[in-house]
Structure formats: structure tokens, C-alpha cells
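Here's the structure, in C-alpha cells; my notes come after.
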Amino acid sequence: MSEDHPCGLQFLSDGLPDGEAVGVFGGLQPATRRAPHDGTMRTGRHMTAATTEAPSGVTVEGLRCRECREQEAIGPSHVCSFCFGPLEVVYDTAGIAGRVSRERIAAGPASLWRYADLLPVLSADPAHRIDLGTGFTPLRPAPRLGARLGLDDLWIKDDTRNPSGSFKDRVVTMAISAARALGLDTIACASTGNLAGAVSAHAAQAGMPAYVFIPRDLERGKILGAAVYGANVVAVDGNYDDVNRLCAEVADARGWGFANVNLRPFYAEGSKSIGFEIAEQLDWTLPDHVVIPIASGSMLTKIHKAFGELQDFGLVDDATPRISGAQATGCSPVAEAFERDSLDIRPQKPDTIARSLAIGNPADGYYAVKVANETGGTIGHVPDREIVDGMRLLAETEGVFAETAGGVTVANLKRFAESGRIGRDERVVAVISGNGYKTLEALEGHIGPTFEVTPTLDDLDRALAG
């Protein structure tokens, strides 16, 4: 297999999200038309009327291999039957272009379904659409964190606010909606934790049986956070890549709808909604730079794809942002390939506290490296001690408690700023993908009570006096 052709059988991942053949949309230069943010939280506004009034309907025409471009029928499938490359969604672009507009989006619900025209809708039947209110999460200005990092225009995309506490609610919304439209009656997934909780929550609302497969040593909060919804939690004696291989066999043997296996082409598209929201919440402009955590690499590629689609449909005019990725040193196959200036992703055995990013053989790593290179971004990695520092820094400066993946993003952002890979005056968005209450174990031994006193004022005074 050459570095330029990643076809193979291993395309399963708890990705970030989530993957698409990528190209360059627009130039690499940062836009210069922005003033520094004014300290207000952006929720978006509309400016353009729809050219064609049409109800939201089916947006998908079929599936297509990202490598050989062979067409496939719509169905629960993720691998090309000709070359074994990964499948992607083919959209009805003419129909979408005739109805999508800023005004139509703004008139939609305060969830990712406001972008239904740009997402994989397989059925016009509203009963097939799952909706827990996922998406349209805050885009927060982060001036205090920016001041600590030397960045004058920093924002955080706060996906800790999703229903099950992570961005995985976005991709699962797409996967279960597709499963309903395809007539599948059981939903499942392979997960490093966050996906298990998201699948379990959405399956409960949909009234579907759920089976979530996880590594046995997963954080306790993530195990309980899936089991509480009544899902069948299958703890596997192995790491995520072992779990993934088992799920590939189960998908074939049982015919279940696996969110990130045979439903992956639809599932992965959910991460585009992060990019759509960033643009809308910045009043239909694009930032200069976006920093994104990498597990499978899919979320990074899909945010990039979202920016390109907004440009293609005339919803934004800006150049494509630089896109950078963040990994933990203990599981950094994508960053390691980027450092070697290679597209050859060498699998690793994960050993990091950032378990939601611990995918040693990332499905979309190849594409993530391509996006970083093509947009002028970078991909870095940080050790566990800096991950904890990143979690604490974000919480202490902006009041946002992120899981270990958020610590990875902030710690890498710090390194990028210090090394000059991100400029002080760039408008930067850092994607915070999950809630810190999912990974409390990572902080054990690092923080705790500041003072311990008896219930008397004198004792408190002595403690405060030092």
C-alpha cells in the first residue's frame, strides 16, 4: 500500500468523530476583515432569503467510495465492495442549492437539525428523525484563557453542553435517524466511552435496544453513563482497537446497526454541524484557525468539509481556516505521521489518560494529515501531565470543565501559541468536545480541598492566615 492510497479493511473508529475525502476550498491566507470580539456570546443571525421555498426532505442520493469513486446504493454499509475503501454520502447538491440559505437555517430549531438541508436525511418522515436537542452549543469568547496563552481573539466551541455531555450526540443523531429510515431495529457501537453514552441515551428516546461495546478498563463514569439508560454494556478485555475488530464481526453476524461501523457514512456527517455552527455563530464568517482533538481524525475532516460546503453553497465568503489537530503523546499516531511529513499512519498501543482519544489505529488519520497540510495547519501531542494542566487552566479561566480530550486541546493550543504556529492576532476557535464529569479520575491526586478545618471561626481564621 502506498502512502497516497489508504485503502484497506480497517475503517472502523469511535471517531471523531467522523471522514470524507477532502480537498482545499479557498486559499490558505487568513482573512483580515475582522475586529476583535466584543465579549458577547454569538448565537448566529440570518441575512439572506431563500431562493426556493421547499420543505426539508431527502438530501442523499447514494454512497460513494472515497478512493475509487465507485457508487453504492443507500444502505447499512461502510466499505466499498470493489476496493474496500471507506464509503461517503453523495448529496443531492442541486436540490440543496435551490433551497438552503442563511434565513432558512435561522428559522430552524435551536439544534443541529437547523442544518437539515446539509445533513444526511434519508427519509422525509418526521418519525425517523431522532432529536434530543443536540447541537447549537455555545461558541464562547475566551478572553481570560486567551490572555494566559497570548491570543487576542480566542473562542471555545463548548460541546460539553450536549445532552449526554459530548459531541458524540451529533454523530449519533445522524446514525440513529439513518437506522430508523433503513428499518434497523437494534443500534450498537464500539466506543472509547463518549459514544457509548450518546448511543444509549438516543436509543432510549427512540425505543430501540442498544448494545455498546467498550474496553473493560474504561472510566467508571462513562460505564455508568451508558448503563443508566438501560443499554446492554459489553465490556471487552482489550483496548479500543480490539473492541472495534469484534464489532466489525458482530455487525456482519447480527445485522445490527452499528453507529460507527455499518452506519458510519451517515454517522460521520454529524460532525459537520460543528463547522456550520461556528460559521453561523460568528455571523457567517470563518475563523482564521481551528484546533480540534483527534481520535479517529474524522471530526477534524468533517469540520473542514463543513467549511467547504458553506463556501460552495454561497453561505460564507471567507478563505478556509487553518485547521490543526491535537493528540495525547500516549496515543499520537496522527501527530507522529505529521511530524515525519508522511501520510503513513503507524498504529500505536494507547497509553494515556485521554481515553476518549485513545484510538491506536485511527480510521481517518490519513485524511486528517492531508487536511492539516492542505490548510497550513499543524498536529501536535502533549503528555498526560500537560493534559491535566490544560483541563485546570480552562476551568480556572473560563469556567468550563472539560474532560481529558479538552485538556489535550488546550495543552496543544498552548504549545502552538508559544511556538508561533498560531499568531497572537488570529481569530482562533478551540473545540472542547466533552464534559469533565466524565473523567474525574484524571484529576485524582492533583486537586482537592484547599483547607481542612473544624467547624469554628477561630480554626478557619488560623487556616486562612496560613
Pairwise Cα inverse-distance average, inverted: Kirkwood Rh of the range 284-379 (Å): 13.5
Helical contribution to [θ] at 222 nm, DSSP H n ≥ 4, -39,500 (n - 2.57), averaged over the chain, rounded to 500: -10000 deg cm²/dmol
Within straight-line cross-link reach of Lys157, lysines at Cα separation under 26 Å, skipping those fewer than 8 residues along the same chain: Lys168, Lys222, Lys272, Lys302, Lys305, Lys370, Lys414, Lys438
Calculated SAXS-style log₁₀ I(q)/I(0) at q = 0.19 Å⁻¹ - the range 97-175, Debye, Cα scatterers: -0.89
Convex hull of the range 100-235 built on C-alpha atoms - directionally averaged projected area, nm²: 10.2
Alpha carbon centroid spacing (whole Å) that separates the range 202-219 from the range 414-463: 30
Pairwise centroid distance, computed over Cα atoms, of the range 242-272 with the range 128-164, Å: 28
Antiparallel bridges, percent of DSSP beta bridges restricted to the chain (to nearest 5): 35
Under 5 Å, built H, 5+ apart or other chain: amide partners of Asn361: Gln348
Kirkwood-based shape ratio for the range 155-232, expressed as Rg/Rh from alpha carbons: 0.97
Value of relative contact order over the range 282-409, rounded to a whole percent, pairs C-alpha under 8 Å and six or more apart: 29
Globularity index of the chain, i.e. its alpha-carbon radius of gyration over 2.2 N^0.38 Å: 0.94
Cα extents of the range 322-466 along the three principal axes, largest first (Å): 64, 37, 21
The range 57-138: radius of gyration over Cα atoms, expressed as a fraction of 2.2 N^0.38 Å: 1.25
Quotient of C-alpha Rg and 2.2 N^0.38 Å, computed over the range 255-306: 1.31
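Among the trypsin sites (Lys or Arg not before Pro) within the range 183-230, which fall in a DSSP loop and have no more than 16 other Cβ atoms within 10 Å of their own Cβ?
Arg216
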Longest exposed-site-free window of the chain, the sites being GluC sites (Glu not before Pro) in a DSSP loop that have at most 11 other C-beta atoms within 10 Å: 54-443
Sorted by Cβ neighbour density within 10 Å, fewest at the top, the residues Phe84, Phe416, Phe338, Phe401: Phe84, Phe401, Phe416, Phe338
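For Ala463 and Ala110, calculate 0.36 nm times their separation in residues minus their Cα-Cα distance, and state this gained length in nm to one decimal.
Between Ala463 and Ala110, full extension yields an extra 122.3 nm.
All of the numbers you see were taken from the coordinates with simple rules; none came from a lab. Keep in mind that this is a model prediction, so the values were computed, not measured. Cβ sites come from the backbone with ideal geometry, for glycine too, and all protein chains shown count toward neighbours.
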